[in-house]
Amino acid sequence: MEYIFDTISYLISGAGVSLRIFFITLLFSLPAGILLSMIYRFNSFLNKVVSAYTWLFRGTPLMLQLFFFMYGLPAMGIPVDRMMVAYIAFIINYAAYFTEVIRAGIESLPKDQYESAQMMGASDVKIYRHIIMPQAIRIQLPVITNEIITLIKDTALVTVIAISDIMRNVKEVVSRDFTISPFVLAAIFYLMMSYLIIKVARLIEKKYDYIENTA
């Protein structure tokens, strides 16, 4: 019995690391994606910069980016620790994905909404905050949800830079004890997280529907 509790406790500690990476990445990458998606419309030069950024980080594997930040930055004289590498790589990578997802939502909206709001004297900030962005996010909510589900699963990639997340701890227990039960526990963890993400997304969708129906 003590062995079971010790094993579960070890896996929970790894799950805590995975959740920390997940929440910090989401906390910074989603707002960054919203901000960068707006830049496309404001400045042609910044448009090109953001396009190059999203092309680079969406076009290369996240694992490669983890390796680059883990070993490339110290080679350039920039000291980093493993958790900081995970945060940097995940935030930059997922901000690129969220930028393109939300930008697609913005571009799907009729242009006359923006022009009409401008003619009424609304500033660009107010137009995006109250008109454009709420609609773009509502349209792209299913895609954003899929990206968030992918994010919780992608946290397993931090094992390649020797961070003790849930999958690394699972692998250690399986290798040590020749049992497959940790795989089942890890699967339950990811399934539960995916279920919770979907439930939260549906609540947000219902809130948007309620606002639209009462407007």
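FYI, it's all coordinate maths here, none of it is from the lab. Please read all numbers here as calculations on a predicted model, not as lab measurements. Quick reminder, even Gly has a Cβ in these numbers, built from the backbone with ideal geometry, and neighbours come from all protein chains shown.
Odds and ends about this structure:
- Estimated dipole of the chain in Debye, rounded to 20 [Cβ of Lys and Arg +1, of Asp and Glu -1, Cα centre]: 280 debye
- Helix axis angle, 44-59 relative to the chain longest principal axis, alpha carbon, degrees: 30 degrees
- For region 19-86: Kirkwood Rh in Å [reciprocal of mean 1/r, alpha carbons]: 13.8 Å
- Net length available on complete extension from Lys206 to Thr150 is 17.9 nm, with 0.36 nm assigned per residue and the Cα-Cα distance removed.
- Each of Ser181, Ser108 was scored by other Cβ atoms within 10 Å of its Cβ. Listed from fewest to most, they are Ser108, Ser181.
- Axis angle, to the nearest 10 degrees, between helix 82-107 and the longest C-alpha principal axis of the chain: 30 degrees.
- Its Cα gyration tensor gives region 1-120 an equivalent ellipsoid; the semi-axes, largest first and in whole Å, are 37, 20, 10.
- Helix 181-214 vs. the chain, principal-axis angle (Cα, 0 to 90°, nearest 10): 20 degrees
- For the pair Met119 and Asn47, a Förster radius of 35 Å applied to the C-beta separation gives a FRET efficiency near 0.90, rounded to the nearest 0.05.
- Charge context of Asn93, other residues only, Cβ under 11 angstrom, K/R +1, D/E -1: -1
- With a cut-off of 15 Å between beta carbons, the residues surrounding Ala117 carry a summed charge of +1, where Lys and Arg count +1 and Asp and Glu -1.
- Lys/Arg +1, Asp/Glu -1 at C-beta; the chain dipole; positive extreme among Ser123, Ile92, Pro142: Ser123
- Legend: ranking of residues Ile188, Ile34, Ile166 from fewest to most surrounding C-beta atoms inside 10 Å; resulting order Ile188, Ile34, Ile166.
- With viscosity 1.567 mPa s and temperature 4 °C, the Kirkwood radius over alpha carbon pairs of the chain converts through Stokes-Einstein to a diffusion coefficient of 67 µm²/s.
- Scattering from region 104-187 was approximated by placing one identical point on each alpha carbon and applying the Debye formula without solvent; log10 I(q)/I(0) at 0.14, 0.17, 0.19, 0.25 1/Å stands at -0.64, -0.75, -0.84, -1.12.
- Phi to ³J(HN,Hα) by Karplus 6.51 cos²θ - 1.76 cosθ + 1.60 over region 16-33, Hz, x for Gly, Pro: x, 5, 4, 5, 5, 5, 4, 5, 5, 4, 5, 4, 9, 6, 5, x, 5, x
- Cα centroids of region 120-141 and region 38-76: 26 Å apart.
- The sum of -39500 (n - 2.57) across all DSSP H runs of n ≥ 4, divided by the residue count of the chain, sets its helix-only mean residue ellipticity at 222 nm to -27000 deg cm²/dmol.
- Over all other residues within a Cβ to Cβ distance under 15 Å of Ser13, the charged ones net out to 0, with Lys and Arg as +1 and Asp and Glu as -1.
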